[in-house]
Amino acid sequence: MEICGGQTHTLMRYGIDELLADAVQLVHGPGCPVCVTPLETIDRALALARRPDVTLVSYGDMLRVPGSETDLFHVKAEGGDVRVVYSPTDAVQLARSRPERKVVFFAVGFETTAPAHAMAVLQADRLTLKNFSILASHVLVPPAIRTLLGSPRNRVQGFIAPGHVCTVVGMREYDDLVGEFHVPIVVGGFEPVDLLEAIRMLVMQLEEGRAEVENQYVRSVQYEGNKPAQEAVARVFEIADRKWRGLGSIPVSGLRIRERYAAFDAERVFELATVCTEEPAECISAEVLLGHKKPTDCAAFGTRCTPERPLGAPMVSSEGACAAYYQYRRHAVTR
Ligand code: SF4
């Protein structure tokens, strides 16, 4: 299983899964941040974007993710103040230049984006901004792998861990997983040759009966990770239980803003906890994210669910497995 959606897209784009199909079956993991953001978090962002006093700011792909009724693009078309930025510090600057607006940054992601979001909070605190907050939905990779490996339906024999996440957090936590479950893990990059090498390293471990953490992405990942980034995250966030889209609540699998920075936590500032939403029954994204099914096993794939009219987040995101299958395997759709 490759964890990261970026890795999935490379595998699909270059046909690596087809190339190796006789020997290795690749399944796609829960490593797309947009895909695992719970529907109710999207609905909370939509509720904020509809407020006349709020400017909601996020990365571009979040605008197309469907909530239970609509998406942020439609709220923007209806007059909501919704903006796209490339960096959370752009949102801080916006709050600084528009003191009459309540600027909320919709901050989703894995360990990779958490340092930048932490820095935005620290910067806003240093500037004593009273009109900036973040709606944070951060999840952590190792607890998701632990959930997956603990499932009686698990069929994954080796993992390609996400190189960018490990660039930040290092490899220590993956050692714990290997010790617990005796499953090989190779930290991999994102180019075709990276993934081929990572797969080869995993196969070698399996053939030799080894289960270790190995690092294919040596040009970026060090064992201890990026200490300053980890310290920034630890200052602003604490580890908490988190709900994952389709997967439900996973213990200690996410980050929440510490009490010290509660003034920058949109959930507390706007009292959003009352917005609760059920997942749609038709979308089998949970099965896809756990590697139990392929996107093409979904009855809606390529018919009722397309990138233009997505039913679920894995079809929306540029990192989503369903979008990857649609983009590179349209010929495989027989319905
Ligand atoms: S094809 Fe669409 S409906 Fe089916 S699992 Fe993927 S996102 Fe969900």
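Worth a mention:
- Cross-link partners of Lys130 among lysines (Cα-Cα below 18 Å; sequence separation of 8 or more within a chain): Lys102
- Local electrostatic count, Val139, Cβ distance below 12 Å [Lys/Arg +1, Asp/Glu -1]: +2
- Remark: the Ile239-Ser87 segment gains 52.4 nm on full extension, using 0.36 nm per residue and subtracting the alpha carbon distance.
- Net charge contributed by nearby residues that have their C-beta within less than 15 Å of Glu224 (K/R +1, D/E -1): -3
- Here the accessible area is traced with a 1.4 Å probe on the protein chains. For the chain, carbon and sulfur cover 51 percent of it.
- Each residue of the range 102-108 was assigned a 3J(HN,Hα) from its phi angle through the Karplus curve 6.51 cos²θ - 1.76 cosθ + 1.60 (θ = phi - 60°); the sequence is 8, 8, 10, 9, 8, 10, 10 Hz, with glycine and proline shown as x.
- Taking every protein chain into account, the accessible area of the range 181-301 amounts to 51 square angstrom per residue (probe 1.4 Å).
- Stretch gain in nm, segment His182-Leu122, where the contour uses 0.36 nm per residue and the Cα spacing is subtracted: 17.7 nm
- Label sites at Ser318 and Gln157, each approximated as a point 7 angstrom past Cα along Cα to Cβ, lie 3.5 nm apart.
- Karplus-derived HN-Hα couplings along the range 130-146 (A = 6.51, B = -1.76, C = 1.60, θ = phi - 60°), whole Hz, x at Gly and Pro: 9, 10, 10, 8, 10, 9, 9, 9, 9, 10, 10, 5, x, x, 5, 5, 4
- From the Kirkwood radius over Cα pairs of the chain, Stokes-Einstein at 25 °C and 0.890 mPa s returns a whole-number translational diffusion coefficient of 120 µm²/s.
- Per residue, in Å², the accessible surface of the range 27-92 once ligands and nucleic acids are set aside, probe 1.4 Å: 35
- Counting DSSP beta bridges with both ends in the chain, the antiparallel % (nearest 5): 25
- Remark: spin-label model distance Ala21-Ser220 equals 2.9 nm, labels positioned 7 Å along the Cα→Cβ axis.
- Exposed-site-free run, longest, the chain (rule: chymotrypsin sites (Phe, Trp or Tyr not before Pro); DSSP loop; at most 16 other C-beta within 10 Å): 87-222
- Using alpha-carbon coordinates, inclination of helix 192-208 to the longest axis of the chain, degrees: 50
- In the chain, the longest principal axis of the Cα atoms and the axis of helix 39-49 are about 30 degrees apart.
- Whole-Hz couplings from phi, Karplus 6.51/-1.76/1.60, listed for the range 222-238; x for Gly and Pro: 10, 3, 7, x, 9, 4, x, 5, 4, 5, 4, 5, 5, 5, 8, 10, 10
The values are calculated or read from the model by the stated rules, or taken from the named source; none is laboratory data. Here the structure is a predicted model, which means the values were calculated and not measured. Positions of Cβ are backbone-derived with ideal geometry, glycine not excepted, and every protein chain shown enters the neighbour counts. Accessible surface is based on the protein model in full, side chains and every heavy atom, while ligands, DNA and RNA are left aside. Shrake-Rupley method; radii C 1.70, N 1.55, O 1.52, S 1.80 Å.
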